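Enquirer: One structure, as structure tokens, below. Some questions next.
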Amino acid sequence: MDPECVSRKGGAACRAPEPSPVLSPEEKRLLERKLKKERKKEERKRVREAGITTAQSLPAKCSGAQRALDYLCGWAQKHEKWKFQKTRQTWLLTHMYDSDKVPEEQFPTLLAYLEGLKGQARELTVQKAEALMQKLDEAGASGPDPLLLGKTQRVRQVLQLLS
């Protein structure tokens, strides 16, 4: 057994020998990568033993909903750095009838954004709104539901705007 590889059970890690001048640049690079990997592994182990999770130390990322609403606010304020983002627009179009995901305060801004909608996105939004309106009318015939009333109101506003 290698004298530098002392019992792993004792917590000592196997260290690679110091780079000697006869190592080629490729060998040195590989050795450095190996050492870096070992240091990283030891650091993770120390963190785990301390009871700190790496998820807690990383800042929380914004949800897709928050990013889409920020995108909408940026558009409304006409910031020069505002840039069209297909994924954000898709999220907004998909969830615009859900008052939990797009709050009432944001909906008028969304309607203003929809005014500028063109081409396939506009046509598809109108088709989906009409289909949803028919579905809501059928569901609403059985009895008034406050959740459906809010959704129906939003669908009507979108249809009035885009038709």
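The values are calculated or read from the model by the stated rules, or taken from the named source; none is laboratory data. This structure is a prediction, so every number in the text was calculated from the model and none was measured. Heads up: the accessible areas ignore ligands, DNA and RNA and are worked out on the full protein's heavy atoms, side chains in. Shrake-Rupley method; radii C 1.70, N 1.55, O 1.52, S 1.80 Å.
Enquirer: Taking amide H atoms as placed 1.01 Å from N in the peptide plane, list the residues 5 or more away in sequence, or in a different chain, whose amide H sits under 5 Å from that of M96.
Expert: none
Enquirer: Heavy atoms only, probe 1.4 angstrom, no DNA, RNA or ligands counted: give me D100, D70 ranked by accessible area, highest first.
Expert: Sorted descending by solvent-accessible area, the residues read D100, D70.
Enquirer: Through the Karplus equation 6.51 cos²θ - 1.76 cosθ + 1.60, θ set to phi - 60°, convert the phi angles of segment 91-98 into ³J(HN,Hα) values in whole Hz; use x for Gly and Pro.
Expert: Each residue of segment 91-98 in turn: 4, 4, 5, 6, 10, 5, 8, 8 Hz.
Enquirer: What are the ³J(HN,Hα) values, in whole Hz, obtained from phi via the Karplus relation 6.51 cos²θ - 1.76 cosθ + 1.60 with θ = phi - 60°, for each residue of segment 151-163 in sequence order, with x given for Gly and Pro?
Expert: Residue by residue, segment 151-163 yields 5, 4, 4, 5, 4, 4, 4, 5, 5, 4, 5, 8, 8 Hz.
Enquirer: Also, I was wondering about something else. Going down the list K83/K118; K83/K135; K81/K128; K128/K151, which pairs span over 24 Å between their C-alpha atoms?
Expert: Correct reply: K83/K135; K81/K128.
Enquirer: Further question: With a 1.4 Å probe and all protein chains kept in place, how do R67, R122, R154, R33 rank by accessible area, largest first?
Expert: The ranking, largest first, comes out as R33, R67, R122, R154.
Enquirer: To the nearest 10 square angstrom, what accessible area does H95 show with a 1.4 Å probe?
Expert: Using a 1.4 Å probe on the heavy atoms, I get roughly 40 Å².
Enquirer: If I ignore ligands, DNA and RNA and count only protein heavy atoms, how much of K37 is accessible to a 1.4 Å probe, in Å² to the nearest 10?
Expert: Number for this one is 150 Å².
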